[in-house]
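Data first, discussion second: the structure below is written as structure tokens.
The values are calculated or read from the model by the stated rules, or taken from the named source; none is laboratory data. Predicted model only: the values in this text are computed from it and were never measured. Positions of Cβ are backbone-derived with ideal geometry, glycine not excepted, and every protein chain shown enters the neighbour counts.
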Amino acid sequence: MRRVTFLAACLGLASVAAAQKGATNHQLLEGSSSGQPASGPFTRVITPTIISNTQNLGGSATLAVDISAEDSWDLLNDPSNTVLVIPLGVGAMMTDIGWDVNLSTVGGSWLSEARFYFDGSDQDLMGLFLTPGAGNNAPGAANFNSGGLIDLSDNAIPDIPILADGNLYIQLNESFDDVADAIDANWTAGSTLTIGYEPGGPPAVPTANEWGLIVLGAALLGGVVVVTMRRKRALALAAE
């Protein structure tokens with residue numbers, strides 16, 4: 001069974017909107033079907049360091065990126081914002097998200113205001129806001145950890161299609177901009193985002209070693225075998 005966390009109560013679908021200072025109903029994850037795509041020019045558009053990109057049994061994949069030393073500046077689509085470009089491939093689907101991030105705010109900016117916007121195309125079809133510090137309506141420094149991968153579909157958020165150039169775009173932005181064209185928060189050392197995705201193209205065929213594991217599992221069941229190939233969520237299973 002795929003992991004459904006205590007975060008489920010905080011999940012929901014919503015249109016893109018700038019939060020007002022003092023609002024108390026910040027959501028951790030917000031899917032958006034009417035948001036705006038990443039538009040430029042942005043001051044900083046980079047491909048971050050990819051820590052790992054692992055093919056999982058069953059054809060899914062898990063990719064982790066380092067976002068240490070990146071900054072959170074202004075409202076969504078402000079040219080001052082940083083955009084991370086993650087190559088997942090044409091036809092891929094982002095299915096899961098995980099994070100282990102260290103956030104430090106600047107001045108009066110709140111921990112609940114720094115967020116990420118995930119978009120899989122140059123013409124918005126489905127996007128995702130992630131606010132690791134949701135509900136922390138105060139300045140400061142803190143670590144936020146998802147405890148593994150969160151399955152989008154398990155939490156009523158559609159998977160995000162990767163189209164056009166095959167890239168996933170992650171825009172660092174603020175739900176409330178305390179100071180225009182200035183840094184509101186820093187993602188400090190040790191900050192990582194983890195993305196679960198289904199690559200484009202036909203499903204991967206299990207390797208000889210993977211088939212060996214399946215045969216071993218069948219033997220342990222004493223010959224009563226029902227083989228079901230489904231996506232594996234390695235990080236989520238490890239966290240349970």
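Details
- Elements of type strands (runs of 3 or more DSSP E) in region 39-107, at least 2 residues being closer than 20 Å to residue 166 by Cα: 44-46, 49-55, 61-66, 82-87, 93-105
- Top-ranked residue of region 36-69 - restricted to ones that are of a type in the set (A, V, I, L, M), touching a strand residue (DSSP E or B) at 6+ places or on another chain (Cβ under 7 Å) and at pLDDT below 95, ranked as surrounded by the fewest Cβ atoms within 10 Å (Cβ to Cβ): 46
- Scanning region 11-29 for any residue that is outside any loop (DSSP other than H, G, I, E, B), in contact with a helix residue (DSSP H, G or I) (Cβ under 6 Å, 6 or more places away or on another chain) and modelled with pLDDT under 90 turns up at least one such residue.
- Residue match in region 60-71 (condition: among the hydrophobic types (A, V, I, L, M, F, W, C), at positive phi and out of contact with any Asp or Glu (no Cβ under 8 Å at 6 or more places or on another chain)): yes
- Only one of the listed residues (33, 72) is polar (S, T, N, Q) and modelled with pLDDT of 95 or more. That residue is 72.
- Filter pass, residue 112 being surrounded by fewer than 17 Cβ atoms within 10 Å (Cβ to Cβ) and within 20 Å of residue 191 (Cβ to Cβ): no
- The single residue among 170, 183 that is within 17 Å of the chain's Cα centre (by Cα), closer than 20 Å to residue 42 by Cβ and of a type in the set (A, V, I, L, M) turns out to be 170.
- Residue 76 vs. criteria under 17 Å from the mean Cα position of the chain (by Cα), under 26 Å from residue 55 (Cα atoms) and among the hydrophobic types (A, V, I, L, M, F, W, C): no
- Selection over region 70-104 of residues that are buried (at least 17 other Cβ atoms within 10 Å of the Cβ), within 26 Å of residue 178 (Cβ to Cβ) and hydroxyl-bearing (Ser, Thr, Tyr) gives a count of 3.
- Count of region 139-182 residues, restricted to those that are surrounded by fewer than 17 Cβ atoms within 10 Å (Cβ to Cβ), among the hydrophobic types (A, V, I, L, M, F, W, C) and under 14 Å from residue 104 (Cβ atoms), is 2.
- Residue within region 89-97 that is acidic (Asp, Glu) and closer than 19 Å to residue 187 by Cβ present: no
- Scope region 109-133; condition modelled with pLDDT of 95 or more and either part of a loop (DSSP other than H, G, I, E, B) or at positive phi (or both); matching residues: 109, 110, 131, 132, 133
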